[in-house]
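Asks: Below you will find the structure I want to go over with you.
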Amino acid sequence: MTRLILRRLALLVPTLLGLSVLLFLWVRALPGGPATALLGERATPDAVARINQLYGFDRPLPQQYVTWLGQLLQGNFGVSTRTGRPVLDEFVARFPATIELSLVALLVAVGVGVPLGYVAARRQGRLVDHAAVVSSLLGVTIPVFFLAFLLKWLFAVQLGWFPSAGRQDPAMVATHPTGFYVLDGVATREWDASWDALMHLVLPALALGTIPLAIIARITRASVIDVQHADYVRTARAKGLAPSHVRGRVILHNAMLPVSTTIGLQIGLLLSGAVLTETVFAFPGVGKFLADAVFNLDYAVLQGFILLIAVVYALVNLAVDVSYGLIDPRMRTR
């Protein structure tokens, strides 16, 4: 397992270097250029020339990239042209909101998707199976932004059951030592603040978790169907093991390997879907700030946030690889 982790970490370096090159070239190819974004409405030709000379934007691209990469290695991701704050500080301030939303969405997706897929596989060909397959197809095909608008209109605007925007009621006075509002409310015993933050998470999490839920349910169903006809399952039943033991320890345990891979891959989907979901619900997370950076041509934020999200995604994939060894003992001997 240690060699596996070290090998994955070694592969992470060229992956991030390649991404940084593509990201650097993509941002430089955007219309307007960094100097125009910095100056905004004051972008006269003379001012643009001065900014290019001041920040080195007029130098060759390889030289600009080496300089930028050196700054990244020092933890300097630049300064946001919209807020005037360091990009890393902006990311750290908003990352807990996105993580909180993604975790609740993932909890919904796994908590509903795995049991739904398992039941559908156990009732293969019956009404429950057909209903699960149709529901999963609908969940995959409905766009995230459309579902978000629909949930917001129905449950927030029309019925008034849930808040329509934000992370917490502006009139709520609460302490946030970690930035995770639900956890902060529990830690400080501000139960009303924790409940209010949880209510603000319900609709965004449902909208964000629908597609992962559908995918996890379909993968679980296919995996359980494949495993329950395996030879070792028939052997376990022939030995007289209890049906509950066969279903839990043999079938579901062995079926979770491809499911765990799918769950890990859904983290990237949740982070990308958070851009649309947070924009619809005005949820002050990484996705909302990144969307604002696109409209405001905030190049430093675009580069820094995308690269930091890629690091998070790569570390999640590393955790998924490690989980293989916990789920399947054969992986530890390879």
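The values are calculated or read from the model by the stated rules, or taken from the named source; none is laboratory data. Because the structure is a prediction, the values reported are computed rather than measured. Here Cβ is always computed from backbone atoms with ideal geometry, including for glycine, and neighbour counts include all displayed protein chains. We work out accessible area using only protein heavy atoms, side chains counted, and drop any ligands, DNA or RNA first. Shrake-Rupley method; radii C 1.70, N 1.55, O 1.52, S 1.80 Å.
Asks: About the Cα centre, and with charges only on the beta carbon of Lys, Arg (+1) and Asp, Glu (-1), how big is the dipole of the chain? Nearest 20 debye, please. Spell out each step's value before the answer.
Replies: Values: 27 positive and 19 negative charges, 319 e Å.
Using only the charged Cβ atoms, the result is roughly 1540 debye.
Asks: With +1 on each Lys and Arg Cβ and -1 on each Asp and Glu Cβ, how big is the dipole of the range 64-137 about its Cα centre, in debye rounded to the nearest 20? Walk me through the numbers before you get to the answer.
Replies: Values: 6 positive and 4 negative charges, 51 e Å.
The calculation lands at about 240 debye.
Asks: If you rank 104, 27 by how much accessible surface each has, with a 1.4 Å probe, what is the order from largest down?
Replies: On the way: 104 40, 27 0 Å².
Of 104, 27, the descending order of accessible area is 104, 27.
Asks: If amide H atoms are built 1.01 Å from N in the plane of the peptide, which residues on other chains or at least 5 residues away come under 5 Å of the amide H of residue 79?
Replies: 87
Asks: Provide the three semi-axes, in whole Å and in decreasing order, of the ellipsoid equivalent to the range 183-303 as defined by the square roots of 5 times the Cα gyration tensor eigenvalues. Intermediate values should be presented prior to the final figure.
Replies: On the way: eigenvalues 339, 84, 23 Å².
Whole-Å semi-axes of the equivalent ellipsoid: 41, 21, 11.
Asks: Sticking with this structure for a sec: For the range 233-257 and the range 190-229, what is the separation of their Cα centres, given in Å?
Replies: For the range 233-257 versus the range 190-229, the Cα centre distance is 26 Å.
Asks: Would you indicate which of (i) 5, 24, 31, 24, 12, 3, 0; (ii) 6, 27, 32, 20, 10, 4, 1; (iii) 5, 20, 26, 24, 16, 6, 2, 0, 0 is the value of P(r) over Cα pairs in 10 Å bins from 0, in percent derived from the coordinates of this structure?
Replies: (iii)
Asks: For residue 229, tell me the accessible area in Å² from a 1.4 Å probe, rounded to the nearest 10.
Replies: Counting only protein heavy atoms, residue 229 exposes about 110 Å² to solvent.
Asks: Next question, about the same structure. Helix hunt in the chain: which complete DSSP H runs extend at least 24 Å axially by C-alpha with mean Kyte-Doolittle at least -1.0?
Replies: Details: long enough: 2-29 (41 Å, 1.51); 87-122 (49 Å, 1.41); 191-227 (46 Å, 1.12); 253-280 (39 Å, 1.04); 299-327 (42 Å, 1.91).
Result, helices passing both filters: 2-29, 87-122, 191-227, 253-280, 299-327.
Asks: Give the residue from 185, 160, 127 lying farthest towards the positive end of the charge dipole for the chain; charges sit on Cβ (+1 for Lys and Arg, -1 for Asp and Glu) and the dipole is referred to the Cα centre.
Replies: Checking the options against the dipole of the chain, the answer is 127.
Asks: Sort the following peptides by mean Cβ neighbour count (other Cβ atoms within 10 Å, averaged over residues), highest first: 119-125, 108-114, 275-281.
Replies: Values: 119-125: 16.7, 108-114: 20.7, 275-281: 23.1.
Packing proxy ranking, top to bottom: 275-281, 108-114, 119-125.
Asks: Please tell me the relative contact order of the chain in percent, rounded to the nearest whole number, where contacts are Cα pairs under 8 Å and at least six residues apart.
Replies: 26
Asks: In whole percent, how big is the carbon plus sulfur part of the accessible area of the chain, probe 1.4 Å, protein atoms only? Before the final figure, lay out the partial values.
Replies: Numbers: 11970 of 17890 Å².
C and S atoms contribute 67 percent here.
Asks: Let me ask something additional. Express in Å², to the nearest 10, the accessible area of residue 77 obtained by rolling a 1.4 Å probe over the protein heavy atoms while all chains stay in place.
Replies: My reading of the accessible area for residue 77 is about 30 Å².
Asks: Just reorder 299, 65 by solvent-accessible area, largest first, 1.4 Å probe, all chains present.
Replies: 65, 299
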